[in-house]
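Trainee: My questions will all concern the structure given below.
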Amino acid sequence: MEFPRRTHHICLVSEQTLPNYLGAIVPDAFPKKVHLVVTSRMKERADILQKALEARGCGVAQYGLAEPHPDAVMEVLDRIYEKTGADVAVNVTGGTKVMALTAVEWASIQDEPPFLFYVDTDSRQILQIGGQMEQYEMNTALKVEDILYAGAGHKIIKNKNNPLNKEERDGVDALLGLFLKNTEALKLFNACAANAKKSSYRVPLPYEPPKEFMEVLNIAKSLGRLDFTSEKISYPTEEGLAWCNGVWLEDYVKKTLYQMKAGKLIDDWGSGVEIDYRNPLPQTKKDDSKNELDGVFSCRNRLFLIECKTVNLDRKANSNKPEHTLEDAIYKLDSLNKTLGGALSRKMLVSVFKPRPQDIQRCEDLNIKLLYGNDLLKLEDKLKNWIQNANH
């Protein structure tokens with residue numbers, strides 16, 4: 001059964017803009033005009049929704065609501081109804097509970113009751129409220145850029161989602177296997193890349209390194225990321241140094257997301273995505289790349305965020321202080337989740353090393369999915385399971 005088309009939609013604006021957006025962009029049922037009922041606290045969210053709907057060709061008007069009191073809601077709905085007549089549908093997914101209940105009551109007392117509906121993002125259905133109580137399948141599949149723009153007002157300015165070639169795919173697979181086999185090789189690989197930043201992209205070859213480290217060097221050299229002799233390691237480009245400093249793991253995630261999109265397991269994806277934030281996130285460090293997403297994909301109109309870490313989570317040699325913790329990455333993911341997708345987004349932290357117990361607990365407290373160690377070898381299966389459990 002097809003979702004009925006109405007010339008006008010009335011939407012009650014709340015923090016989550018996507019249910020209102022999804023209700024208005026059903027294929028072959030686009031309204032000509034959307035009327036937004038907005039409290040002063042939700043004005044910013046209404047502006048985001050208006051821009052996204054206008055980009056889709058819908059006319060939009062906003063109606064201010066001094067307070068979400070039933071009488072005030074009734075008065076605004078009456079004003080809108082004078083302009084729309086009965087050719088109107090009311091989306092009661094948003095707003096406060098009082099606003100939604102008042103809209104249902106208001107519709108029931110009209111001579112020709114408007115079509116009332118609720119967007120259930122979990123079941124991917126649009127439910128008719130009252131009347132025949134029909135259920136309509138929601139076949140819309142939002143892309144990453146759609147969710148970012150309609151859900152938060154942000155735009156993508158760069159997306160490095162070019163596919164890896166076979167040599168690159170095989171290379172990152174081999175690197176991960178070697179590092180999981182011997183984490184000391186990864187610690188050494190990280191240390192060389194970190195030190196090279198301070199010494200013109202050159203460092204001495206470590207003395208008697210593990211064989212896994214030398215195998216990694218050969219792979220990285222074959223991919224053009226570095227060069228080495230019996231005495232030194234050199235990084236020919238800044239990009240090559242960045243790859244050795246952790247981008248290789250982002251490429252491993254990229255390879256997996258590309259395969260999942262090709263297999264129609266996800267709707268859209270991105271890697272190394274740079275975002276033009278409507279309101280920039282607070283910076284904790286000057287060099288903290290707050291506007292880049294290591295990995296991101298959309299599925300069932302949800303946004304899934306992935307942050308990658310290859311750093312050593314152990315302690316510094318001869319020091320009681322941690323060399324690195326996941327605190328920054330956890331903070332970044334939590335902040336991104338709030339500003340990008342809110343309740344309809346999910347977040348994951350991918351780490352080669354096992355995190356500290358307090359970081360594991362912090363991730364659990366913030367509903368951040370944590371994947372580390374040998375589980376990375378089953379990344380696609382883990383992502384599929386993550387998608388299936390996204391409603392919980």
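Trainee: I need the trypsin sites (Lys or Arg not before Pro) found in the range 1-92, filtered to DSSP loop residues with at most 15 other beta carbons within 10 Å of theirs.
Mentor: Filter output for the range 1-92: ARG5, LYS32, ARG56.
Trainee: Where is the GNM fluctuation largest for the chain (alpha-carbon springs, 10 angstrom cutoff): GLY131, GLY95, GLY373?
Mentor: GLY131
Trainee: Report the full-extension gain for the segment LYS43 to GLU112: residue separation times 0.36 nm, less the Cα-Cα distance, to one decimal in nm.
Mentor: Additional length available on full extension: 21.8 nm.
Trainee: Where in the chain lies the longest segment free of GluC sites (Glu not before Pro) that are both loop residues by DSSP (not H, G, I, E, B) and have at most 16 other Cβ atoms within 10 Å?
Mentor: Longest run free of exposed loop sites: 16-133.
Trainee: Continuing with this model, one more query. Report the FRET efficiency, 1/(1 + (r/R0)^6), for ASP381 and LYS158, where r is their Cβ-Cβ distance and R0 is 41 Å, rounded to 0.05.
Mentor: About 0.90, to the nearest 0.05.
Trainee: Which length gain, in nm to one decimal place, applies between GLU137 and SER199 when the Cα-Cα distance is subtracted from 0.36 nm times their residue separation?
Mentor: 16.4 nm
Trainee: Using a probe radius of 1.4 Å on heavy atoms only, what accessible surface per residue do you get for the chain? Whole Å² is fine.
Mentor: That works out to 48 Å² per residue.
Trainee: Give the average over all directions of the projected area of the C-alpha convex hull of the range 189-234, one decimal, in nm².
Mentor: Directional mean of the projected Cα hull area for the range 189-234 stands at 3.0 nm².
Trainee: Within the range 204-258, list the chymotrypsin sites (Phe, Trp or Tyr not before Pro) lying in a DSSP loop whose Cβ has at most 10 other Cβ atoms in a 10 Å radius.
Mentor: Here the chymotrypsin sites (Phe, Trp or Tyr not before Pro) that fit, given the DSSP loop and packing criteria, are TYR207.
Trainee: Work out from phi, with θ = phi - 60° and the Karplus expression 6.51 cos²θ - 1.76 cosθ + 1.60, the ³J(HN,Hα) of each residue of the range 347-355, listed in order in whole Hz, and give x for Gly and Pro.
Mentor: Ordered by residue, 3J(HN,Hα) equals 9, 9, 10, 10, 9, 6, 7, 6, x Hz.
Trainee: Under a GNM of the chain (C-alpha, springs under 10 Å), which listed residue has the highest mean-square fluctuation: GLN132, GLN50, GLN358?
Mentor: Result for the chain, Cα springs under 10 Å: GLN132 fluctuates most.
Trainee: Restricting to DSSP loop positions (anything but H, G, I, E, B) with no more than 10 other Cβ atoms inside 10 Å of their own Cβ, which chymotrypsin sites (Phe, Trp or Tyr not before Pro) remain in the range 20-121?
Mentor: Nothing satisfies the criteria.
Trainee: Counting each DSSP H run of 4 or more residues in the chain as -39500 (n - 2.57), what helix-only mean residue ellipticity at 222 nm follows after dividing by all residues, to the nearest 500 deg cm²/dmol?
Mentor: Computed ellipticity for the chain at 222 nm equals -12000 deg cm²/dmol.
Trainee: Ok, one more. So, in nm, how far is label SER335 from label GLN259 when the simple model puts each one 7 Å beyond its Cα toward the Cβ?
Mentor: Between SER335 and GLN259, the label points sit 3.3 nm apart.
Trainee: Compute the relative contact order of the range 9-118 as a whole-number percentage, counting only Cα pairs closer than 8 Å that sit 6 or more residues apart in sequence.
Mentor: 30
Trainee: Run the accessible area of the chain with a 1.4 Å probe and give the carbon-and-sulfur part as a rounded percent.
Mentor: Roughly 46 percent of what the probe reaches on the chain is carbon or sulfur.
Trainee: May I pose another question? Return the distance in nm (one decimal) between the two label points of a simple spin-label model at ALA61 and LEU127, each offset 7 Å from Cα along Cα→Cβ.
Mentor: Label-label distance for ALA61 and LEU127, simple model: 3.1 nm.
Trainee: Another question, then. So for the range 333-392, averaging the separation of alpha carbon pairs under 8 Å that are six or more residues apart and normalising by length, what relative contact order in percent results?
Mentor: So the answer I get is 33 percent.
Trainee: Relative to the compact-globule scaling 2.2 N^0.38 Å, provide the ratio for the alpha-carbon radius of gyration of the chain.
Mentor: 1.19
Trainee: Whole-Hz Karplus ³J(HN,Hα) for the range 196-209, in order, using 6.51 cos²θ - 1.76 cosθ + 1.60 and θ = phi - 60°, x for Gly and Pro?
Mentor: Values per residue, Gly and Pro as x: 5, 4, 9, 9, 6, 6, 9, 9, x, 5, x, 6, 6, x Hz.
Trainee: What does the extension gain come out to for ASN165 and ASN391, with contour length at 0.36 nm per residue minus their alpha carbon separation?
Mentor: That pair, ASN165 and ASN391, stretches by 77.9 nm at full extension.
Trainee: Explain nothing, just the number: relative contact order of the chain, from Cα pairs under 8 Å at least 6 residues apart, as a whole percent.
Mentor: It rounds to 13 percent for the chain.
Trainee: Could you tell me how far the Cα centroid of the range 166-187 sits from the Cα centroid of the range 61-136, in Å?
Mentor: 55
Trainee: Roughly what would the spin-label model give for MET1 and HIS69, points 7 Å off Cα along C-beta, in nm?
Mentor: 3.9
Trainee: If you take the beta carbon distance between ALA343 and SER234 as r and set R0 to 51 Å, what does 1/(1 + (r/R0)^6) give as a FRET efficiency, to the nearest 0.05?
Mentor: According to the calculation, E is roughly 0.60.
Trainee: Report the residue, chosen from LYS221, LYS309, LYS332, that carries the largest GNM mean-square fluctuation when the chain is represented by alpha-carbon nodes joined by springs under 10 Å.
Mentor: Result: LYS221 has the largest fluctuation of those listed.
Trainee: Tell me, how many Å apart are the Cα centres for the range 1-33 and for the range 337-392?
Mentor: First find each Cα centre; the distance between them is then 32 Å.
The values are calculated or read from the model by the stated rules, or taken from the named source; none is laboratory data. Here the structure is a predicted model, which means the values were calculated and not measured. Neighbour counts run over all protein chains shown; Cβ positions are idealised from the backbone, glycine included. Just the protein is used for accessible areas: all its heavy atoms, side chains included, with ligands, DNA and RNA removed. Shrake-Rupley method; radii C 1.70, N 1.55, O 1.52, S 1.80 Å.
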